[in-house]
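Asks: Mind having a look at this structure? Questions to follow.
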Amino acid sequence: MARKPDRNKFLESLNNAVDFFEDYSHNLYNNVIAISHNDADGISSLQIIQNLLHKMNLNYDYFIYNRSVSWANYLSGILPKTPGNKTALIFTDVGSNLAELIPIIKNRKEHFYILDHHEVDYDLVLDELPENLFFVNPTIFGFDGLDHVSGATLAYMFAKKINLSIIKQGWLAVIGIAGDSLKSMEKLKSFNKDIYQEICDEELVIDKEGLILFGNMHNSIKSSLKYSILPFLSGFGGEDDQKIKTFLNKIGINPNKKVVDLDQNEIQIIRKNTNIKLGHYAILPQKQGLLKFAFEHAILLNILSFKNISAAISIIQQKSITRYAKEIYYEYISSLSKNLKLLANELPRYETKNTIFIDAGNSKIPPSNWSDTASFTSVNELLEPSKMLFFGGLEKKTQMVKLSIRCSRKYLESDRKGVNQVINTIKQNLGGTGGGHKLAGGIRLSVPSFKLLMERIDNFI
Ligand SMILES: [Mn+2]
């Protein structure tokens, strides 16, 4: 795989898929099935594709895939009973599990468009892909699926090439970027950076500079210190209100002042007394309250995707947040800040040379929060960054062991296998379902496989 990103080659493959889709949608397809991932990036991608299909006057259905069953199982309930070439499927942000998908696709007549930014689990020879598969994935051309291009960025690029007015939906791509990259906006790179710039130029999104307290940018400084999840502020995060108020009063800051209303002088004072950094954040001007803030909006979608997928799909189209969603958001963000404190300090752990396993199976942290707790632990570098984190345990609902696997950028600097490669090695040796990126991924295993994994973990790294 190419080390240095090859922009031309990637754009060539994107254009190729665009050309075929445009052509066939005019004279062949009578139905399109969109399948996307159950997170902020996936739902944003789906909205972009739905907008496109609507503009193209195409009939479509959509489905959300949470990767808990195999593709064969999942698609058997979705694919038309009688195979035919009048249906196209567009997959966005749902992974590139080609080892599973290619055998299925080969036996079908429908056209499959896979627009994805996860690493490929397959020895890919582009010329040998089935003719009914149009595979667009920038990671095979050396791009980074997190920093360079989100799923929604890719969906936006695809859709905009077909219909230029999709640019008006650019704010959706910014939500996808915010949800997947977990970074302030000045750190975006490559396609993510380019389209963010483009969307800001169109004033569909407004870029602002200020204190970065992601998770609670829309709120007062006192609650932002407590509930910020990026950065997680050790000493403030999950602590008592009184402790935080006393601190702010001592440095002469009104605890109730909104983060976005702080003036230069106040920002100066806060920075002098904490390690909070300045950075850029994205505002969605057409929305209100929490939903105005791209990062918080994305987090809300991530939460709702687990709890209530139809609420997630509905809220992305709303201007203001419902009481229901707001309650879920606060419940989530306050438990995440407590969980981060807990994970870093108290949960039982098992360490090997290259890994840290933290058992959440019997903790107060519910399985639906494992993935995000692991992500925010990793991006905040709360644990030894030179080890790969395995976070999870027995999921009572499925009686399977669910693991969220994370590593830091620092970890990869020593040229070790990334998370997705480790997951593939585990799958080859012990079975299970899952996938991911270099830095983040997940797997579900049977209990016996998990026991073997724990014994041999360093062999898989
Ligand atoms: Mn994604």
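Read the figures in this text as sums done on the coordinates, not as results from a lab. Predicted model only: the values in this text are computed from it and were never measured. A quick note on method: Cβ atoms are made from the backbone with ideal geometry, for glycine too, and the neighbour counts reach across all protein chains shown.
Asks: Give me the tail of P(r) for the chain as a percent: Cα-Cα pairs with distance above 37 Å.
Replies: Working: 26227 of 106030 pairs.
Above the 37 Å cut-off, the chain has 25 percent of its Cα pairs.
Asks: A further question follows. Tell me, what are the semi-axes, in whole angstrom and largest first, of the equivalent ellipsoid of the stretch 60-101 as set by the roots of 5 times the Cα gyration tensor eigenvalues?
Replies: Ellipsoid semi-axes (Å, largest first): 18, 12, 11.
Asks: If you don't mind, there's one more thing I want to ask. For G435, enumerate residues with amide H under 5 Å from its amide H, sequence gap 5+ or separate chain, H modeled in the peptide plane.
Replies: Amide H to amide H, under 5 Å and 5 or more residues apart or across chains, G435 pairs with G442.
Asks: Taking amide H positions as placed in the peptide plane 1.01 Å from N, state which residues far from A34 in sequence (5 or more) or on other chains have amide H under 5 Å from it.
Replies: Under 5 Å from the amide H of A34: D61, Y62, F63, I90.
Asks: Roughly what angle does helix 447-460 make with the longest principal axis of the chain, taking Cα atoms, 0 to 90 degrees, to the nearest 10?
Replies: 80 degrees
Asks: So, with +1 on the Cβ of K and R and -1 on the Cβ of D and E, and no other charges, what is the size of the charge dipole of the chain about its Cα centre, to the nearest 20 debye?
Replies: My answer is approximately 1220 debye.
Asks: To continue, here is another question. For N73 and Q197, compute 0.36 nm times the residue count separating them, minus their Cα-Cα distance, and round to one decimal in nm. List each step's numbers first, then the result.
Replies: Values: separation 124, 0.36 × 124 = 44.64 nm, distance 4.05 nm.
Difference between extended and current length: 40.6 nm.
Asks: A further question follows. Can you give the % of DSSP beta bridges in the chain that are antiparallel, to the nearest 5?
Replies: Taking every DSSP beta bridge with both residues in the chain, the antiparallel ones total about 55 percent.
Asks: Put +1 on the Cβ of each Lys and Arg and -1 on the Cβ of each Asp and Glu in the stretch 108-204; which of S184, W171, Y156 then has its Cα farthest toward the positive end of the dipole?
Replies: Value: W171.
Asks: Along each of its three principal axes, how wide is the spread of alpha-carbon positions in the stretch 1-73, in whole angstrom units, largest first?
Replies: Computed over the Cα atoms, the extents are 38, 36, 24 Å.
Asks: Something else about it: What length, rounded to one decimal in nm, is gained on full extension from D19 through to L452, with 0.36 nm per residue of separation minus their alpha-carbon distance?
Replies: Between D19 and L452, full extension yields an extra 151.1 nm.
Asks: Moving on. How much space per residue, in cubic angstrom, does the convex hull of the C-alpha atoms of the stretch 348-460 take up?
Replies: 91 Å³
Asks: What are the equivalent ellipsoid semi-axes of the stretch 257-391, built from the alpha-carbon gyration tensor (square roots of five times its eigenvalues), in whole angstrom, biggest first?
Replies: In descending order the semi-axes read 29, 23, 12 Å.
Asks: At what distance in angstrom do the alpha carbon centres of the stretch 236-282 and the stretch 42-86 lie from each other?
Replies: Comparing the Cα centres of the stretch 236-282 and the stretch 42-86, I get a distance of 45 Å.
Asks: Taking the chain as the reference, fit the longest principal axis to its C-alpha atoms, fit the long axis of helix 7-27 to the helix C-alpha atoms, and give the angle between the two in degrees, 0 to 90, nearest 10.
Replies: Rounded to the nearest ten degrees, it is 60.
Asks: Still on this structure, I have one more. How large is the helix-only mean residue ellipticity at 222 nm for the chain, computed as the sum of -39500 (n - 2.57) over DSSP H runs with n ≥ 4, divided by its residue count, in deg cm²/dmol to the nearest 500?
Replies: The helix contribution divided over the chain gives -13500 deg cm²/dmol.
Asks: Which Cα, out of F357, S375, G431, lies furthest along the positive dipole direction of the stretch 348-460 (beta carbon charges, K/R +1, D/E -1)?
Replies: Result: G431.
Asks: Right, next: Using a Cα-Cα cut-off of under 21 Å, which lysines could be cross-linked to K189, ignoring same-chain neighbours fewer than 8 residues away?
Replies: Within the straight-line cut-off, K189 pairs with K4, K9, K160, K161, K208, K277, K410, K438.
Asks: Here is a follow-up. The stretch 399-461: Rg/Rh from Cα coordinates, Kirkwood Rh?
Replies: Answer for the stretch 399-461: 0.96.
Asks: Could you compute how fast the stretch 115-187 diffuses translationally, taking Rh as the Kirkwood radius over C-alpha pairs and applying Stokes-Einstein at 10 °C with viscosity 1.306 mPa s? Give it in µm² per second.
Replies: In µm²/s, the coefficient rounds to 118.
Asks: How fast does the stretch 1-139 diffuse by Stokes-Einstein, in µm²/s, taking the Kirkwood radius from C-alpha pairs at 4 °C and 1.567 mPa s?
Replies: Numbers: Rh = 15.4 Å.
This corresponds to a translational diffusion coefficient of 84 µm²/s.
Asks: Calculated FRET efficiency, N256 and E346, Cβ-Cβ r, R0 25 Å, to nearest 0.05? Before the final figure, lay out the partial values.
Replies: Numbers: r = 32 Å, r/R0 = 1.27.
Taking R0 as 25 Å, the efficiency between N256 and E346 is 0.20.
Asks: Let me ask something else. Provide the descending list of Cα extents for the stretch 312-354 along its principal axes, expressed in whole angstroms.
Replies: For the stretch 312-354, the Cα spread along each principal axis is 48, 20, 11 Å.
Asks: Figure the gain on full extension for D240 and K410 (residue separation times 0.36 nm, minus the Cα-Cα span) and round it to one decimal in nm.
Replies: Numbers: separation 170, 0.36 × 170 = 61.20 nm, distance 3.27 nm.
Value of the extension gain: 57.9 nm.
Asks: A further question on this structure: With everything on Cα atoms, drop me the angle between helix 40-55 and the longest principal axis of the chain, reported from 0 to 90° to the nearest 10.
Replies: 50 degrees
Asks: Considering the dipole of the chain built from charges on the beta carbon (Lys and Arg +1, Asp and Glu -1) around the Cα centre, which of I313, L98, G238 is farthest to its positive end?
Replies: Positive-end residue among those listed: G238.
Asks: Another question, if that's okay. Which order, highest average first, do 184-191, 341-348 follow once you tally other Cβ atoms within 10 Å for each residue and take the mean per peptide?
Replies: Sorting 184-191, 341-348 by mean packing, highest first, produces 184-191, 341-348.
Asks: If you place +1 on the Cβ of every Lys and Arg, -1 on the Cβ of every Asp and Glu, and leave all else neutral, what size is the dipole of the stretch 35-181 about its Cα centre, to the nearest 20 Debye?
Replies: Computed charge dipole of the stretch 35-181: roughly 820 debye.
Asks: Let me ask you something else. Considering only DSSP states other than H, G, I, E and B, which GluC sites (Glu not before Pro) in the stretch 357-435 qualify as loop sites with at most 13 other Cβ atoms within 10 Å?
Replies: E381
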